[in-house]
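S.K.: Before anything else, here's the structure in question.
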Amino acid sequence: MLNNFFSWLERRVDSFPSTEPEMPEASTWGFIRFYTRPFLPLLVAGLAFAVAIAIIEVRIYAFVGRLIDMLGKADPATFFQLHWQELVFYGALSLLIQPALSMLGDSVENQGLRGNFAMRIRWQAHRYMLRQSMEFFHNEFAGRVSTKVMQSALGVRDVVMKLTQVISWVAVFVATALFSFIQNDWRLAIPMVLWLVFYGFTMRHFVPTMGKMSEVQAEMRSVVTGRIVDTYTNMPTVKLFAHASREDDYAKEGMTWMLQSVYNSMRVATKMNMALNALNGGVLSATAAMAIWLWSKGAITVGAIAFSVGLVYRMLGMAHWMLWEIAGLFEDFGVVKDGVDVIARQHAVKDITNAKPLVVNSGEIDFKNLHFNYGKEVEHDREVIAGLNVVIKPGEKVGLVGRSGAGKSTIANLLLRFYDVGSGSIIIDGQNISDVSQESLRAAIGVVTQDTSLLHRAVRDNIRYGRPDASQHEIDDAAAQAHASEFIENLVDPMGRRGMEAHVGERGVKLSGGQRQRVAIARVLLKNAPILILDEATSALDSEVEAAIQENLNQLMQGKTVIAVAHRLSTIAAMDRLVVMDKGKIVEEGTHAQLVKKRGGIYASLWARQSGGFLIPEDIKKVEAAE
């Protein structure tokens, strides 16, 4: 039965809502409110239990003092007969009601809030970050972003729960205690009031300082995590250049900054404890002295002395804990504030309201007066893409050629809408890509890039990424077409998983460059999208494997609109048309045979330098015969 109650609380708020992730408010309190709204009923319930428990605890202390007075005056023979109702009431209060309320309060906190609250924030923040632009992730450490998501979730949860349960419980406890003091004699409350005043000044002096320091610590922690993850992610480069010691220094620098922030914070913490110990000793002595003096004047009873000194001692036991809770509150607040700067950012590339899915009927792509530049300002009076106009007909295979920095890969990035164009438009079958959903746009485009990155999952999962509903037969067929089956069947990972079940390591590091490329090609073969982008698709393959795969790529390209970007001209010489770019503009167009005959042309110059690359002689003859 108890587990059923726990399950009911655990299901009160969905930890993994499927609604489209929204941007949280960019202010710290707004950020907290945004993620707190679904949990308000549970928070109110937890607050009610905390208040009730605080009042009951103080009243039990007050009854103990009165009990001492009653015992001092009562006749043992008639004591229970005269006071049994009061004894039963407070017995039930302490033995049944307070434990029951504590159990309910703990259940709301532990089953309803503590796990679900943080997990729902992580889920929503992660989904929102996942839809950030490529530019965002190019400018941020992956480790830093993930740390902000994880830390901010805990920070929001702890800020809210401390405010609604811990601090409210203490506030009610103190208020009830002061009321009880005044009931005995208002002068008993004087030491406690003075202590509260000085306690407030102590918090006002130390806690904000610790909050600022905790914000610095959170940032330093993110920096250290980012640096370490950056090193681990680029381990081949570290090993290749034998720079382990250099990376030691890079990590040590960040850790030194973090350690110094910890030193500064701990110094303040020690000073805060010293001040609090002095205050606590003073209020305990002052309360005891005041109570004894009032008793000597006949103003209060012995029970009042026991009640007041006992209650003050109980409150002093809470004082250290409370101060650290408040310091922790400021620390959590600093963590949240630090996370807001990363998480609560507008998506640079957003779908319009009610964006429709892209419908590709023929695959015509029209770049109209396209202008684009990375960043807000045009550097050296030159845009990356400057007034580009080109139409790629349905089913046409176009190769983009040009020196490094000419804008070839930028064209592919703009077509995929990794960035929004500065001005102009990109039209696919009469639909502006800015007006369709990004998901549908990218679903209609297959991409094989030079820098192939695989997920640290099974080979099967990496290939199935192209089409999640694909059958095993279709996955095997795609792997065979990409000439990947022969090495996949021999794969064994450190966990003993074999073949398609073997995991490939982070970014696919357990595979060679050529193997990763073949898995990527299998993935795109499986996707079978109507538009295809090949960005140095076979650059990591040796010429023998390239020749074997080229046949399947030719088959893949049949009936598709293809944009191929290559520095190795042999890979695109057989395209229907070549577009030569320079400084963001189209400077030459034509077939391979037409362009190599153009004396002084950029393409002819590049072709001459590469001496024909790896182009198969029969293919050259076919191209020339076609001309």
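S.K.: Just tell me which lysines come within less than 23 Å, Cα to Cα, of Lys408; anything on the same chain fewer than 8 places away is out.
M.R.: Lys368, Lys376, Lys393, Lys397, Lys560, Lys583, Lys585, Lys597, Lys598
S.K.: Using 0.36 nm per residue, how much length does the chain from Leu194 to Arg127 gain when fully extended, once their Cα-Cα distance is taken away? Please list the in-between numbers first.
M.R.: Details: separation 67, 0.36 × 67 = 24.12 nm, distance 5.02 nm.
Fully extending the segment from Leu194 to Arg127 adds 19.1 nm.
S.K.: How do the peptides 2-15, 204-217 rank, highest first, by the average count of neighbouring beta carbon atoms within 10 Å per residue?
M.R.: Numbers: 2-15: 12.9, 204-217: 18.7.
The most tightly packed comes first, giving 204-217, 2-15.
S.K.: Next question, about the same structure. Could you check what % of the DSSP bridge pairs in the chain are antiparallel, to the nearest 5?
M.R.: On the way: 21 of 40 bridges.
Counting only bridges with both partners in the chain, antiparallel ones make up about 50 percent.
S.K.: What does the C-alpha gyration tensor say about the overall shape of segment 454-522? Classify as rounded when a/c is under 1.5, otherwise prolate if a/b is larger than b/c, or oblate.
M.R.: Working: a/c = 1.42, a/b = 1.34, b/c = 1.06.
Note, shape of segment 454-522 comes out rounded.
S.K.: Ok, one more. Would you give the gap between the C-alpha center of segment 119-148 and the C-alpha center of segment 179-239, rounded to a whole Å?
M.R.: First find each Cα centre; the distance between them is then 26 Å.
S.K.: On to the next question. In percent, how large is the relative contact order of the chain, given Cα pairs closer than 8 Å and 6 or more residues apart? Each step should come with its number before you reach the end.
M.R.: Values: 885 pairs, mean separation 87.1, N = 627.
Relative contact order, the chain: 14 percent.
S.K.: Specify the inter-centroid distance of segment 468-539 and segment 435-450, based on alpha-carbon positions, in whole Å.
M.R.: 19
S.K.: Right, something else. So for segment 237-359, what are the equivalent ellipsoid semi-axes in whole Å, largest first, each being the square root of 5 times an eigenvalue of the Cα gyration tensor?
M.R.: Value: 56, 27, 9 Å, ordered largest first.
S.K.: Along segment 294-304, what does the Karplus equation 6.51 cos²θ - 1.76 cosθ + 1.60 (θ = phi - 60°) give for ³J(HN,Hα), rounded to whole Hz, x for Gly and Pro?
M.R.: Computed from phi, the couplings for segment 294-304 are 5, 5, 5, 8, x, 7, 9, 9, 5, x, 5 Hz.
S.K.: Among 222-228, 254-260, 89-95, 425-431, how do they line up from the highest to the lowest mean number of other beta-carbon atoms within 10 Å?
M.R.: Numbers: 222-228: 20.6, 254-260: 15.3, 89-95: 13.7, 425-431: 17.4.
The packing order, highest mean first, is 222-228, 425-431, 254-260, 89-95.
S.K.: Here's another thing I want to ask about it. Sorted by packing (mean other beta-carbon atoms within 10 Å per residue), highest first, where do 342-350, 153-161, 465-473 land? Intermediate results must be reported in sequence, preceding the final value.
M.R.: Details: 342-350: 16.2, 153-161: 23.4, 465-473: 13.1.
Packing proxy ranking, top to bottom: 153-161, 342-350, 465-473.
S.K.: Identify all lysines with a Cα-Cα distance to Lys510 below 17 Å; exclude those on the same chain that are fewer than 8 residues away in sequence.
M.R.: Answer for Lys510, where 17 Å is the Cα cut-off: Lys239, listed by chain and number.
S.K.: Let me ask you something else. Any chance you could get the radius of gyration and Dmax over the Cα atoms of the chain, in Å?
M.R.: When restricted to Cα atoms, the chain yields Rg and Dmax of 35.5, 124 Å.
S.K.: Okay, moving on. To the nearest 20 Debye, how big is the dipole of segment 20-343 about its Cα centre, given +1 on the beta carbon of each Lys and Arg and -1 on that of each Asp and Glu?
M.R.: 260
S.K.: Cross-link partners among lysines for Lys73, C-alpha distance below 29 Å, same-chain residues fewer than 8 apart left out?
M.R.: Answer for Lys73, where 29 Å is the Cα cut-off: Lys297, listed by chain and number.
Each reported figure results from applying straightforward, stated rules to the coordinates on display, with no laboratory input. In this text the structure is predicted, and so the values were computed from the model without any measurement. Note: ideal-geometry Cβ built from the backbone for every residue, glycine included; neighbour counts use all protein chains shown.
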